[in-house]
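To start, the structure itself, in structure tokens.
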Amino acid sequence: MNSPVVTSAQMRDAENAAFARGVSAENLMNQAGDGIAQAVQQFFPRPGYCLAFSGKGNNGGDALVAAARLKRAGWHTDVHPSFPESQCSDLLRKKITEFRDTPPVAAGVSAVNASGIPAATIILDGLLGLGSKPPLRDPILAACREINRLRQERGAYVFAVDQPTGLDGDSGETDRNCVVADFTVTIAATKRGLIADNAINFVGRLEILPLSGLPLEPADETVACTASLRGLLSRRPFDAHKNQFGRVGIVAGSRGFAGAATMCAWGALRGGAGLVEVFVPENIYEIVAAAAPFESMVKPVKSYRDLIEEKIDVWGIGPGLGRENAPEIIELIQRAENPMVVDADALNIVSTNLSILKNCRGPRLLTPHPGEMKRLAGNQKNSRTELAEKFTGEFPITLLLKGSRTIVAEKGKFISYNTTGNSGMATGGMGDVLTGVCAALLAQNLSPFDAARVGAWACGRAAEISIFNHGESQQSLLPRDVLTNLGRALGELQ
């Protein structure tokens, strides 16, 4: 399923077409509100405090439906309207009445949960929705300032309904008092402005809420989400055996960077590879052999050229590798006929001779972070999307450009934007895990494009589960936490 990126005009056309078929605005609003409440509960499973800020249109109605559902689930809910009820739309007034008539649950939220963790406060930003643009004016302006104050001073988490108030849904331009959302639950499809580079810190985690009765045409850009990725990882047959899920070869590590090889191996194992072999320099062999997963096979390497003869289905190369053996690494990248994930120091080596990417014998998935991408493509002023399109247009590779909104690109395919993850992932070793996971997915017969999309989504989702379900924080999150929760993340796609 393609989850397209659309303009406001395309979204309006889709809504009008649905109305013409007999779909009611209230039906869509009820679906949206229920989905928003589910998104809140996905990240905050225990009841807390919910403040719903509403404007006078249907965006406010979506927030009211969500607030009513949370109220029934035991949340303490309160509504902050920005306009007198008499100025609100008829449908919004109906949802206000339904919210008031929803009885609170007697055994609702307590100040702390059983683990002693304070109950969360979340804010629903239902002030302005589709088609709204800066600048902001009172009373909406005052409401935005209050939302941002509560987020800053009281640690409230903000869920924007469809798009943050004060953000242009087509361009991503923002008002100086734009709501800073931690999560944006975009309804039916992702609006183009939500994925703009300058919008990331206002949009936060992007959750897509499909609506039945509101189908959308495929587009040149899409987002990686549960709906668009589900089915790429099929359930294994009962009589499956390890040789069906590939032999992954990890080429990583050097003196002082032995841990990179270990984390990469763990990523490949947790990502589902049938067999994992780890090839490391002789001078760190004993260190890696002692620290590597028992389930992997660690082998010393005298020359990386010798690896061409190894019976490996998919390669993962680069984490902690160093640049001492650059000619041998270039030869391996060029000559290996099977798929290869190229990361870290292997990318830095490639950046000195980009022409090798034009005649590699097998598929190549490159996974640079922004600094590595700058070394590959030079210091360009293009947007990340333009940079990815230009690079994949020039070289026959698949690109996974890491970042707060990771981009996956390949010539002839749509641009894909990742939706999961958080800033806790900004720590050493996360990329090593991702390299292993992507290699494992390739070994299970996913294409490089789909392996990149699923790998980025799953690692990001595992990081979210670590924080919101298992007590980690943005400061404490480690790559091993991602590994621990990778199974649950991948399970959500099956």
Report summary line: Per the filter on the stretch 242-261, residues surrounded by fewer than 19 Cβ atoms within 10 Å (Cβ to Cβ), touching a strand residue (DSSP E or B) at 6+ places or on another chain (Cβ under 9 Å) and part of a loop (DSSP other than H, G, I, E, B) are ARG255
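State the number of residues belonging to the stretch 439-494 that are among the acidic types (Asp, Glu) and over 21 Å from ARG405 (Cβ atoms).
2
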Query raised in the report: For ALA273, all conditions in the list (1) outside any loop (DSSP other than H, G, I, E, B); (2) under 21 Å from THR484 (Cα atoms); (3) of a type outside the set (D, E, K, R) hold save one; what is the number of the exception?
Result: (1)
Report summary line: Counting only helices (runs of 4 or more DSSP H) wholly inside the stretch 422-494, the ones holding at least 2 residues that are surrounded by fewer than 21 Cβ atoms within 10 Å (Cβ to Cβ) are 448-468, 479-491
Query raised in the report: So which residues in the stretch 163-190 are of a type outside the set (Gly, Ala, Ser), open to solvent by less than 10 Å² (accessible area, probe 1.4 Å) and within 21 Å of PHE83 (Cβ to Cβ), if there are any at all?
Result: GLN163, PRO164, THR165, LEU167, CYS178, VAL179
Report task. Would you please name the residue that is surrounded by the most Cβ atoms within 10 Å (Cβ to Cβ), looking only at residues in the stretch 313-326 that are over 19 Å from ASN283 (Cβ atoms) and not β-branched (Val, Ile, Thr)? Result -> GLY316
Report summary line: A careful count of residues in the stretch 422-433 that are closer than 11 Å to ALA265 by Cα and either small (Gly, Ala, Ser) or touching a Leu at 6+ places or on another chain (Cβ under 8 Å) (or both) gives 1
Query - Index of the failed condition, ILE195 passing every other in (1) open to solvent by less than 10 Å² (accessible area, probe 1.4 Å); (2) in contact with a Lys or Arg (Cβ under 7 Å, 6 or more places away or on another chain) - result: (1)
Query raised in the report: Can we say TYR304 is open to solvent by 20 Å² or more (accessible area, probe 1.4 Å), at pLDDT 95 or above and closer than 27 Å to PRO327 by Cβ?
Result: no
Report task. Could you pull out the residue among VAL280, VAL276 that is touching a strand residue (DSSP E or B) at 6+ places or on another chain (Cβ under 8 Å), more than 19 Å from ASN445 (Cα to Cα) and of a type outside the set (Gly, Ala, Ser)? Result -> VAL280
Query raised in the report: Do you know which residues across the stretch 5-28 are outside any helix (DSSP H, G or I) and surrounded by fewer than 21 Cβ atoms within 10 Å (Cβ to Cβ)?
Result: THR7, ARG21, GLY22, VAL23, SER24
Report summary line: Checked pairs for the stretch 272-298, first farther than 16 Å from GLY320 by Cβ, second of a type in the set (Asp, Glu) and open to solvent by less than 70 Å² (accessible area, probe 1.4 Å), C-beta under 7 Å and 6 or more apart or across chains, list as MET297/GLU277
**Report entry** Residues of the stretch 48-95 that turn out to be assigned to a helix (DSSP H, G or I), open to solvent by 10 Å² or more (accessible area, probe 1.4 Å) and touching a Gly at 6+ places or on another chain (Cβ under 6 Å), as a count
**Finding:** 4
**Report entry** Some residue of the stretch 281-291 being open to solvent by less than 10 Å² (accessible area, probe 1.4 Å) and more than 30 Å from ALA14 (Cβ to Cβ)
**Finding:** yes
Requested in this report: Return yes or no: is VAL298 more than 21 Å from LEU233 (Cβ to Cβ), part of a strand (DSSP E or B) and open to solvent by 20 Å² or more (accessible area, probe 1.4 Å)?
Outcome: yes
Report summary line: With criteria (1) open to solvent by 20 Å² or more (accessible area, probe 1.4 Å); (2) touching a residue at least 60 places away in the same chain (Cβ under 8 Å); (3) not in a helix (DSSP H, G or I), GLN31 comes up short on (3)
Report summary line: Subset of the stretch 373-386, residues closer than 13 Å to LEU354 by Cα and either open to solvent by less than 40 Å² (accessible area, probe 1.4 Å) or hydroxyl-bearing (Ser, Thr, Tyr) (or both), comes to MET373, LEU376, ALA377, GLY378
Requested in this report: Could you give me the residue pairs with C-beta distances under 9 Å whose first residue belongs to the stretch 387-398 and is under 16 Å from MET340 (Cβ atoms) and open to solvent by less than 30 Å² (accessible area, probe 1.4 Å), whose second residue is part of a helix (DSSP H, G or I) and of a type in the set (Phe, Trp, Tyr) wherever it lies, and which are 6+ apart or on separate chains?
Outcome: ILE397/PHE391; THR398/PHE449
Report summary line: With criteria (1) open to solvent by less than 10 Å² (accessible area, probe 1.4 Å); (2) closer than 22 Å to GLY460 by Cβ, LEU233 comes up short on (1)
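The values are calculated or read from the model by the stated rules, or taken from the named source; none is laboratory data. Remember, it's a predicted structure, so these values are computed and weren't measured experimentally. Virtual Cβ from ideal backbone geometry, glycine too; neighbours counted across all protein chains shown. Ligands, DNA and RNA are excluded from the accessible area calculation, which covers all protein heavy atoms including side chains. Shrake-Rupley method; radii C 1.70, N 1.55, O 1.52, S 1.80 Å.
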